[in-house]
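The values are calculated or read from the model by the stated rules, or taken from the named source; none is laboratory data. Source: prediction; values computed, not measured. Note that we place each Cβ from the backbone using ideal geometry, even for glycine, and neighbour counts take in every protein chain shown.
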Amino acid sequence: MHEYNGKIVEVQRFPSPNPNVELKVITYFSNRLKVKGMLAEPKDGEVYDGFLYLRGGIKNVGKVRPARIAQFAQEGFIVFAPYYRGNQGGEGNEDFAGEDREDAFAAFRLLQSLPRVKEVHIFGFSRGGVMALMTGIQFPEAASLVTWGGVSDMCLTYLERKDLRRMMKRVIGGTPSKFPDRYDNRTPLYELEKMEPPVLIIHGVKDHNVSIEHAWRLERRLRELNKPVESWYFDDFTHYFPPAINRKVVQDLTKWMKNQRKR
């Protein structure tokens with residue numbers, strides 16, 4: 001890991017949908033690449049915990065939404081959401097939890113470097129669940145980790161999502177049957193012995209984008225290893241929760257995060 005990972009190169013203001021939250025587009029270093037992301041900070045100048053928001057999707061699918069980032073900042077966090085390499089003016093090419101995991105690691109270091117940030121929490125949605133788990137394994141000092149509708153097994157994603165297979169073969173470089181190591185390398189289930197922060201799993205049982213099996217496998221493995229884990233399963237919901245429920249879950253998960261603080 002390069003010593004300048006997470007170093008900020010450029011800051012640009014961005015219009016905020018929330019009058020209490022300031023948004024900025026940040027350019028930062030990730031293994032010699034200049035990668036971009038969005039920073040959301042409450043305007044009161046107070047010190048807060050950091051919140052690393054790891055989005056789902058790839059390229060223009062699942063882009064970071066300013067309103068979503070501001071929503072988490074409103075709950076009392078300084079939020080940073082990397083766009084991942086190759087997106088929105090950033091250098092390099094996104095490769096679906098391969099080398100682009102370094103963009104999440106560097107973003108964690110970026111949050112740690114901010115003078116207004118205390119501890120750093122990790123949040124991943126959908127494909128961002130894999131990124132979150134990898135980051136939690138990489139940084140045992142993380143205060144907590146939440147995965148919402150999150151992928152935990154990349155081979156299972158290939159088997160379940162026929163619509164993603166062409167993209168996955170292109171980006172990962174083949175199929176799980178031909179290159180199992182490339183899929184295993186993107187599957188954090190095999191490294192959970194190193195997981196230190198407490199984990200919260202949120203998942204809709206009717207999720208067809210990322211099946212509930214991902215959550216079950218993650219919870220089962222964490223429990224086998226006696227790691228601190230909690231799960232919130234919602235029987236009636238899919239990958240996307242109704243707006244009112246979504247807001248309530250955001251409030252509940254941020255309260256859970258704050259209760260995990262180490263100091």
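Descriptive notes on the structure:
- Leading residue by the ranking (surrounded by the fewest Cβ atoms within 10 Å (Cβ to Cβ)) among those in segment 209-227 that are without any contact (Cβ under 8 Å) to a residue 24 or more places away in the chain and under 22 Å from Phe241 (Cα atoms): Trp216
- Qualifying residue in segment 232-247 (condition: of a type outside the set (D, E, K, R), within 18 Å of Asp153 (Cα to Cα), in contact with a helix residue (DSSP H, G or I) (Cβ under 8 Å, 6 or more places away or on another chain) and surrounded by 19 or more Cβ atoms within 10 Å (Cβ to Cβ)): no
- Inter-residue pairs, beta-carbon under 6 Å, first in contact (Cβ under 8 Å) with a residue 60 or more places away in the chain and in segment 55-82, second part of a loop (DSSP other than H, G, I, E, B) and hydrophobic (A, V, I, L, M, F, W, C), 6+ apart: Arg55/Val64; Ile58/Phe96
- Residue count for segment 34-63 under the criterion of being in a strand (DSSP E or B) and touching a strand residue (DSSP E or B) at 6+ places or on another chain (Cβ under 8 Å): the result is 16.
- Checking the stated criteria, Asp207 turns out not to satisfy the condition of being part of a helix (DSSP H, G or I) and acidic (Asp, Glu).
- For segment 164-186, the condition of being closer than 29 Å to Val249 by Cα and modelled with pLDDT under 95 holds for at least one residue.
- The condition of being assigned to a loop (DSSP other than H, G, I, E, B), charged (D, E, K, R) and either touching a strand residue (DSSP E or B) at 6+ places or on another chain (Cβ under 6 Å) or under 27 Å from Asp49 (Cβ atoms) (or both) holds for only one of Glu196, Glu230, that being Glu196.
- Residue among Gln251, Gln260 that is closer than 14 Å to Pro197 by Cβ and out of contact with any strand residue (DSSP E or B) (no Cβ under 7 Å at 6 or more places or on another chain): Gln260
- Within the set Arg116, Arg109, the sole residue that is modelled with pLDDT of 95 or more, within 10 Å of Gly50 (Cβ to Cβ) and of a type outside the set (Val, Ile, Thr) turns out to be Arg116.
- Just one of (1) in contact (Cβ under 8 Å) with a residue 24 or more places away in the chain; (2) over 19 Å from the mean Cα position of the chain (by Cα); (3) crowded, with 18+ Cβ neighbours inside 10 Å fails for Pro176. It is (1).
- Between Leu192, Leu156, Leu145, the distinction of being under 27 Å from Gly6 (Cα atoms), crowded, with 19+ Cβ neighbours inside 10 Å and in contact with a Lys or Arg (Cβ under 8 Å, 6 or more places away or on another chain) belongs to Leu192 only.
- The lone criterion from (1) modelled with pLDDT of 95 or more; (2) farther than 18 Å from Ala40 by Cα; (3) charged (D, E, K, R); (4) within 15 Å of the chain's Cα centre (by Cα) left unmet by Glu91 is number (4).
- Residue list for segment 195-206, filter: free of Cβ contacts under 8 Å to residues at least 60 places away in the same chain and either under 18 Å from Leu145 (Cα atoms) or buried (at least 21 other Cβ atoms within 10 Å of the Cβ) (or both): Leu200, Ile201, Ile202, His203, Gly204
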